[in-house]
Amino acid sequence: MKRNPKDQEQSHRKLGRRALVLGGLQLAFAGTLAMRMRYMQVEQADQFRLLAEENRINIRLIAPNRGELFDRNGKVLARNVPSYRIVMVREDAGDVDKVIGDLSRLVALNPEELEQAMTEMRRSAPFLPVTLADRVSWDDVSRVAVNAPALPGVTPEVGLTRVYPHGADMAHVVGYVGPVSDYDLQQIEDPEPVLRIPRFQIGKVGLEAKREDVLRGKAGAKRVEVNATGRVMRELDRRNGQAGADLQLTLDADLQSYVQARLGNESASAVVMDCETGDIRAIVSSPSFDPNLFVQGISVADYRALTNDPYRPLANKSVQGTYPPGSTFKMITALAALEAGTVGPEETVWCPGHLEVSGRRFHCWKGGGHGHVDLMNSLKQSCDVYYYDVAMKVGIDNISAMAQRLGLGVRHDLPMSAVASGLAPDRAWKKRVHNQDWLIGDTANSAIGQGYMLASPLQLAVMTARLATGRAIEPRLVRSVDGVEEPLGANEPLGLNENHLRQVRRGMNAVMNDRRGTAYKSRIVAEGMRMAGKTGTSQVRNITAAERAAGVINNRDLPWERRDHALFVAFAPVEAPRYAVSVVVEHGGGGSTAAAPIARDVMLQALYEGTPPLEAYPTADRNRIKAQQEKLQREQDERAPVRSDRA
């Protein structure tokens, strides 16, 4: 059928419009696509190039070098030394068990380390290296290198590890480092990425832990090119991190070593403090342990031996241990009474050997009594009844306030683990803690440093330094950080009456240098070196009425853990105090027999900055002291080569 020309013309116009619309749409789509391609290829080129680069390039952290520790004379206390280790890449090894078997015939592999390595290997990617053996010898490294073709995936490497050259002498002060554990990460709110580096070491206890912030340093980084599976192909560039700060301590390593040797096998502690600056010259807890054992992980057998030891070698008794201060507290009771005006230095108290307090008899250590005693003689002969009587007049609140003023019952801010606050109780404390009223018998016990009263050897040294100087001396352990001096511990005057302080020092001088003094046998006879001090014996058990009636059992006849603690505090020289010393011997018996001789020897070693002349000792003691000096020197010499090898 032939179409009408008019219809054909109309159809052609419709077709042309459709083609035009379709062409326009196609052109618009092509234009939009071109604009988008231009936007992505030109305007966003840098961003997409960066994304592509991130798929090809990884940034990996570089562990910083840890800061080192030195004593006041520059001797190394903690250092980083090269350490050889053997690592394995699982995907390169193929048959892991076979390769480890071949390796074990060349190098002695620790079963515990190997088990840890296998656990790490199962958790980590197959292309990441895992340490099989750490701190191996150069001979081991050489054997592995020579046999490399037969040990696929096994490579010797060199890194840094922490070493403590002075071993047990510095263990409780410096502490030790160890690999970051899951527990460590849980304790940190926002752990730094560097802490997740395999086997990265951080401070665990002691100064290593307390000054982790400055010792750790800042991590560096390197850019490495990786393939599609994540394997490293090459290193592109490296930015080294910032090493941790070096710390110089106030300790004298030689004096610290001597004190450790002098304490011997006792369960004891001692502190030597500079009366002018507050610097801690020695702070020792005995027995000790070798911190090098903990760096890579201590064995179960070694750790069990330390924890099962009744003398508690892991505990830092010098700051963590708290003990009833016994008669070393009597200077505080005396000062509280003098400052309150309730007693004068010449006033006397009658001591028949006991005092009745609220229907209870409080005994003096001397059953027959001391007769009439004034302040000086009460210290010289350590009369308990004098202080029971004085305490009834001055009251516990004044005694407690004076104790805190002199540094007891106060936590001193030292970068050491578990620094104790001790306890200087008062009425409010007992009500708050025990919900009980304070009794007059509590005051009598507190007056002679018993009952609730507790102090650490560090606090006793601070107390003694403050008595010697009349100033609020604060202990200082870190002398400088990267060469920048830390503030001194020499503070303002305590505000105590100087005449009252002189009366107390006069009594402490009589303790040492009067023939009737409780520590006369441990005096120093060298001109200008005389020592003032105070003995103390603190009970760890109550003596029953039946025991007292039958004759009190001698300490030597009791099991070790039930014997009294022996304490002694001192400063010297009397005329111009340089050092304060405190010594506590756990379950050592009497302070005059167990603690005072140790304190005298330690004080002389500090004053002479080395072995003192025999002329500093009483004539009757010189042969014994000479033999003792030779023995201690041999012990120190025997330990010295071990320290050198480790360094």
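The values are calculated or read from the model by the stated rules, or taken from the named source; none is laboratory data. Quick caveat: nothing in here was measured; it's all calculated off a predicted structure. Don't worry about glycine lacking a Cβ; one is built from the backbone with ideal geometry, like all the others, and counts go over all protein chains shown.
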Considering segment 363-409 alone, what residues qualify as being of a type in the set (Phe, Trp, Tyr) and at pLDDT 95 or above? 386, 387, 388
If residue 462 satisfies all but one of (1) among the hydrophobic types (A, V, I, L, M, F, W, C); (2) more than 21 Å from the chain's Cα centre (by Cα); (3) at pLDDT 95 or above, what's the number of the condition it fails? (2)
Restricting attention to segment 381-412, which residues are part of a helix (DSSP H, G or I) and of a type in the set (S, T, N, Q)? 398, 400, 404
Among the residues of segment 340-380, how many are of a type in the set (Lys, Arg) and assigned to a loop (DSSP other than H, G, I, E, B)? 1
Residues in segment 533-545: is at least one assigned by TED's automatic domain parsing to the domain that holds residue 395, without any contact (Cβ under 8 Å) to a residue 24 or more places away in the chain and among the polar types (S, T, N, Q)? yes
Condition first: assigned to a loop (DSSP other than H, G, I, E, B), small (Gly, Ala, Ser) and surrounded by 15 or more Cβ atoms within 10 Å (Cβ to Cβ). Now tell me which residues in segment 293-339 satisfy that. 297, 315, 318, 321
Could you name every one of the helices (runs of 4 or more DSSP H) located completely within segment 420-519 that has at least 2 residues being assigned by TED's automatic domain parsing to the domain that holds residue 391 and charged (D, E, K, R)? 427-434, 498-513
Is it the case that segment 442-457 has a residue that's more than 25 Å from residue 393 (Cβ to Cβ) and touching a residue at least 60 places away in the same chain (Cβ under 8 Å)? yes
Could you grab me the full set of residues in segment 192-210 that are of a type in the set (Lys, Arg), touching a Pro at 6+ places or on another chain (Cβ under 9 Å) and part of a helix (DSSP H, G or I)? 210
Among what's in segment 75-105 and is of a type in the set (A, V, I, L, M) and surrounded by fewer than 18 Cβ atoms within 10 Å (Cβ to Cβ), pick the residue that is nearest to residue 162 (Cα to Cα). 81
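So that you can scan it fast, the table gives a plain yes or no per residue for (1) assigned to a helix (DSSP H, G or I); (2) touching a residue at least 60 places away in the same chain (Cβ under 8 Å); (3) among the acidic types (Asp, Glu); (4) over 25 Å from residue 630 (Cβ atoms):
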{"site": "254", "(1), (2), (3), (4)": "yes, yes, yes, no"}
{"site": "260", "(1), (2), (3), (4)": "yes, yes, no, no"}
{"site": "272", "(1), (2), (3), (4)": "no, yes, no, no"}
{"site": "281", "(1), (2), (3), (4)": "no, yes, no, no"}
